[in-house]
Structures are given as C-alpha cells and as structure tokens.
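The values are calculated or read from the model by the stated rules, or taken from the named source; none is laboratory data. This structure is a prediction, so every number in the text was calculated from the model and none was measured. Glycine also receives a Cβ, built like all others from the backbone with ideal geometry; neighbour counts cover every protein chain displayed. Accessible surface is based on the protein model in full, side chains and every heavy atom, while ligands, DNA and RNA are left aside. Shrake-Rupley method; radii C 1.70, N 1.55, O 1.52, S 1.80 Å.
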Amino acid sequence: MSANKLAVVGTGVIGNGWIARGLAKGYDVIAYDPAEGAKEQTHKAIENAWPALEKIGLAPGASKERLKFVDDLPSAVTGANLIQENVPEREQLKRQVLAEIDEHAHSEAIIASSTSGIIPSTLQKDCRHNPERVIVAHPFNPVHLLPLVELVGGEQTSSVVINQAYEFYQRLEMRPLVVKQEIEGHIADRLMEALWREALHIVNDGVATTKDVDDAVVYGPGLRWALMGTFMTFHLAGGEGGMRHMLHQFGPALKKPWTKLEAPELTDELADRVINGCESQAGDTSIKEWERQRDEFLVKLLDLVKEYWPEQEDKPLDGQNEPYDSNSMSG
C-alpha cells in the first residue's frame, strides 16, 4: 500500500477538487467515475485549477501526470491508503458504493466520504469488513484551495482512524476539524444553511435582490468572518468588555423575531427571482472565468488569513485503539 496514493471515487466538482489538491501536494491519484465524459471533465477541471495551485506553491514532485483514471472501482481503491468517496448525495447510493469500497480496499486504508449532510453511522452500516475505518471527511468548494475538512466518526469508527485521517489531511495542507458529535450537516454547512434560508426569505419577501444580499455579506460581515469567524467578531463587538458585555447588552435581542430560519416554500416565482438575479449578476462572464477569479481572490485572501491568524495546532484524539464515541468526545 503506497503512502502517497490517494484514490478518488466520483469526479464531480468536489471529486475533481480532491484530485487537483492531491496532485499539487505530490501524490499519486487514481480516479474512478463511470459517468460518460468524466475523464475529460476531470482534466479540464485540473487545468483550470492549476494556475492558482502554482501561485500557492506546488509540492516537490507535484505533477498533473500523476493522475491515473481507471475503468472500475476495485482498480481505483487497490493499494490506496486513503479513498475519498464523492458520489451524489443519495444515502442508498453512498452506502452501496462505500460497501463496495470496503470489500476491495486494503484493510488499513481509510475510507472517507465527502458527504455534506449524512452521518457516518448511517454510511458504515453496510460495510461488512472494516466499518471502523469509515469516516466523513467533508471539504469545501473549491477543495483544491480551501483548507477546512470536517472529520466525523460514526458509532463503529476507531479513534485511531480519526487520528490517521487527521495526519493525512494535514499532509495535504488542510485544516482538519474533528467534529465532536455526529450531526446531520456537520458544522459549517449548518451555519451556511441558516444564512441561505434567511437570504431566500429576504428575496422572497421583496426586501432585496440577490445582488443586494451578496453585497451585504461581501462588504459587511463576510470581511470580518474571513479573519475571525462568528464568536470572535461578536467578542470584539462588546468593546473592552468583550463577549460578557455583548451578551449583556444585545442578548435580549435574541428574543426578537428577526430571523425565520425555516426555509420558505421554493415556489416557481421564488426560483425565478433567484435564478434571474444570479444570471444578471454573472452577466456574460462564464462559470470557468468566475472560478478563475474566485481562485485568484482566495489565494490572496488565504495569505492574509495566515498572516493575521497564525494556524494553531489542535490535537486529534488520544490515539487509543477503540471505537470513536460519536456522541461525546474531545477533539
């Protein structure tokens, strides 16, 4: 089993992001996706991502030529020390694919799902051989640039596997975050979903256009969030008294019905408003060009985040060879 071999099963937007990141960090990457034209789309995605990866800095030995696209799943997972599954977000399909991976992968290989919402205890149910090595490793688009990956273990997951995964993703220059309890949507997606639902209400009620909502985030809280997140932003809002003063002064406002949280019904009218608004914002610029602009921006922004918010080393689990406690654990 190669220590520098990453297998990617499912090569959509997320899968191709994993491939590009793996190649840029000097790994051999073997990919599998039965969809027609998948191989060609993967090569296009890598070419589009590579300029930004070059600006960040390629690892020694990094090469686009280290990608091998195969025609069947067993060939993809054999010999890999980590297999990243990225098939469509359908529970039965994911369980089926993960069970097949479990059947053919090396017994020491980590099997990780990129699922954005399904809990790992559900995903590992059909794995008959080594369900303790099945985890969630949820990244964020664009995967080749954004460092966060949420690591979640299920009822049968070994803490040793979580530790091994933590170290593997660090070698991919990612920022692993061990989620202390498995929960649908994990952490970041639940936060994004809350903002997304409120944004839909604002557009649906005619309060603002899609561009207005995006401007409100980009030129307001989004700038602060990129540096210090939610809690530290509010900590500073309390002035010298910090969060203590902020909660005392603004805590009562939490009782006010400012937000709705439940999503509005996605009517044809609301869908048209959102689609037309986004297409108007995009103008004549293609998606590929938007992706290139996004990547150039993120490269510069990541440099700023590193400069002002030095990475702090979190400890993974204690390394005991025991099932991961998905209900209560320390990260």
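Here are the numbers for the structure shown:
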| read-out | value |
| --- | --- |
| P221 vs. criteria touching a helix residue (DSSP H, G or I) at 6+ places or on another chain (Cβ under 9 Å), at pLDDT 90 or above and open to solvent by less than 50 Å² (accessible area, probe 1.4 Å) | yes |
| Residue in segment 234-249 that is in contact (Cβ under 8 Å) with a residue 40 or more places away in the chain and not in a loop (DSSP other than H, G, I, E, B) present | no |
| Conditions (1) open to solvent by 60 Å² or more (accessible area, probe 1.4 Å); (2) farther than 19 Å from V87 by Cα; (3) not aliphatic (A, V, I, L, M); number of the one not met by N163 | (1) |
| Given (1) in a loop (DSSP other than H, G, I, E, B); (2) over 11 Å from the mean Cα position of the chain (by Cα); (3) touching a residue at least 40 places away in the same chain (Cβ under 8 Å), index of the condition N141 fails | (2) |
| Some residue of segment 256-266 being loosely packed, with under 14 Cβ neighbours inside 10 Å, part of a helix (DSSP H, G or I) and not aliphatic (A, V, I, L, M) | no |
| Every residue from segment 63-103 that is within 22 Å of V160 (Cβ to Cβ) and either out of contact with any helix residue (DSSP H, G or I) (no Cβ under 9 Å at 6 or more places or on another chain) or open to solvent by less than 70 Å² (accessible area, probe 1.4 Å) (or both) | V77, G79, A80, N81, L82, I83, Q84, E85, L98, A99, I101, D102 |
| Test: E182 is among the charged types (D, E, K, R), surrounded by 15 or more Cβ atoms within 10 Å (Cβ to Cβ) and not in a helix (DSSP H, G or I) | yes |
| Failed condition for A253, given (1) surrounded by fewer than 12 Cβ atoms within 10 Å (Cβ to Cβ); (2) aliphatic (A, V, I, L, M); (3) closer than 17 Å to L200 by Cβ | (3) |
| One residue from D314, D295, D272 being at pLDDT 85 or above, of a type outside the set (F, W, Y) and loosely packed, with under 12 Cβ neighbours inside 10 Å | D272 |
| Breaking point among (1) touching a Lys or Arg at 6+ places or on another chain (Cβ under 7 Å); (2) modelled with pLDDT of 95 or more, for N81 | (2) |
| Residues satisfying the stated conditions in segment 150-167, i.e. more than 15 Å from P139 (Cα to Cα) and either assigned to a loop (DSSP other than H, G, I, E, B) or of a type in the set (S, T, Y) (or both) | G154, E155, Q156, T157, S158, S159 |
| Some residue of segment 212-230 being in contact with a Leu (Cβ under 9 Å, 6 or more places away or on another chain) and among the charged types (D, E, K, R) | yes |
| Matching residues in segment 111-141 - criterion: being open to solvent by less than 10 Å² (accessible area, probe 1.4 Å) and either aliphatic (A, V, I, L, M) or modelled with pLDDT under 95 (or both) | I111, A112, L123, V134, I135, V136, A137 |
| Where T11 falls short, out of the listed (1) outside any helix (DSSP H, G or I); (2) open to solvent by 40 Å² or more (accessible area, probe 1.4 Å); (3) not aliphatic (A, V, I, L, M) | (2) |
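So that you can scan it fast, the table gives a plain yes or no per residue for (1) of a type in the set (A, V, I, L, M, F, W, C); (2) within 27 Å of G153 (Cα to Cα):
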position	(1), (2)
L195	yes, yes
L200	yes, no
D212	no, no
G229	no, yes
F234	yes, no
M243	yes, no
